[in-house]
Amino acid sequence: MLRIGEGFDRHRLEAGRRLVLGLVEIPHTHGLVGHSDGDALTHSLCDALLGACALGDLGALFSDTDPANAGRDSGDFLAEVMRRVRDAGYELVNADCTVIAEAPRLAPHRDAMRERLAVRAGVDVDRLSVKATRGEGLGPEGEGLSIAVRSVVLVRKMEEGE
Ligand code: MG
């Protein structure tokens with residue numbers, strides 16, 4: 001049985017912060033504001049996975065008011081989400097993530113992001129796609145105020161004993 005999930009996340013950009021996207025630190029003048037490391041790509045992917053399996057959302061799993069999650073590596077979130085996905089009897093078929101960011105250019109970092117996400121998710125890298133698009137000057141992403149990410153995933157319910 002196949003199920004689909006969708007995830008969306010948006011974080012504000014602030015000067016002088018480190019930029020972490022898809023578990024990769026990317027050199028830039030601005031970084032994402034968040035209680036954790038602000039990794040909107042990983043958060044969006046986590047929410048899509050949870051959505052596909054009807055397991056709630058990332059905010060319910062990892063509260064943004066819990067001091068234990070302050071500055072936390074979002075790879076920890078992804079590993080825990082995948083553990084729950086597998087416990088519920090599902091495997092990730094594939095995920096497709098679209099990052100909307102005016103800057104910096106993300107293409108040079110795309111494969112590094114895919115590889116790190118695949119390691120923390122415990123899946124083959126060919127199951128994970130990361131794409132980037134610019135906001136063309138429109139909306140908060142286009143104006144360079146934020147970065148947003150949309151993710152779609154497909155999961156498959158595993159057979160008994162598989
Ligand atoms: Mg987030």
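The values are calculated or read from the model by the stated rules, or taken from the named source; none is laboratory data. These figures come from a predicted structure and were not determined experimentally. Glycine also receives a Cβ, built like all others from the backbone with ideal geometry; neighbour counts cover every protein chain displayed.
Listing for the model above:
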| quantity | calculated |
| --- | --- |
| Residue under evaluation residue 74, criteria (1) away from the ligand (no atom under 14 Å from the Cβ); (2) surrounded by 15 or more Cβ atoms within 10 Å (Cβ to Cβ), criterion not met | (1) |
| Residue list for region 31-58, filter: within 11 Å of the ligand (Cβ to nearest atom), in a strand (DSSP E or B) and out of contact with any His (no Cβ under 6 Å at 6 or more places or on another chain) | none |
| Selection from region 9-49 of residues that are crowded, with 17+ Cβ neighbours inside 10 Å and of a type in the set (Val, Ile, Thr) | 20, 24, 26, 42 |
| Any hit, region 77-95, residues being touching a Ser or Thr at 6+ places or on another chain (Cβ under 8 Å), more than 16 Å from the ligand (Cβ to nearest atom) and at pLDDT 95 or above | yes |
| Failed condition for residue 3, given (1) part of a strand (DSSP E or B); (2) surrounded by 23 or more Cβ atoms within 10 Å (Cβ to Cβ) | (2) |
| Only one of 11, 28 that is under 19 Å from residue 104 (Cα atoms), touching a Leu at 6+ places or on another chain (Cβ under 9 Å), at pLDDT 95 or above and away from the ligand (no atom under 16 Å from the Cβ) | 28 |
| Residue 64 modelled with pLDDT under 95, closer than 20 Å to residue 147 by Cβ and within 16 Å of the ligand (Cβ to nearest atom) | yes |
| Of all residues in region 108-162 being of a type in the set (Gly, Ala, Ser) and part of a loop (DSSP other than H, G, I, E, B), the one that is surrounded by the most Cβ atoms within 10 Å (Cβ to Cβ) | 135 |
| Residue count, region 59-71 (criterion: buried (at least 17 other Cβ atoms within 10 Å of the Cβ) and either not polar (S, T, N, Q) or not in a helix (DSSP H, G or I) (or both)) | 1 |
| Check on residue 129, within 16 Å of the ligand (Cβ to nearest atom), small (Gly, Ala, Ser) and modelled with pLDDT of 95 or more | no |
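So that you can scan it fast, the table gives a plain yes or no per residue for (1) basic (Lys, Arg); (2) closer than 15 Å to residue 98 by Cα; (3) over 13 Å from the mean Cα position of the chain (by Cα):
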position: 6; (1), (2), (3): no, yes, no
position: 12; (1), (2), (3): yes, no, yes
position: 24; (1), (2), (3): no, no, no
position: 35; (1), (2), (3): no, no, yes
position: 40; (1), (2), (3): no, yes, no
position: 46; (1), (2), (3): no, yes, no
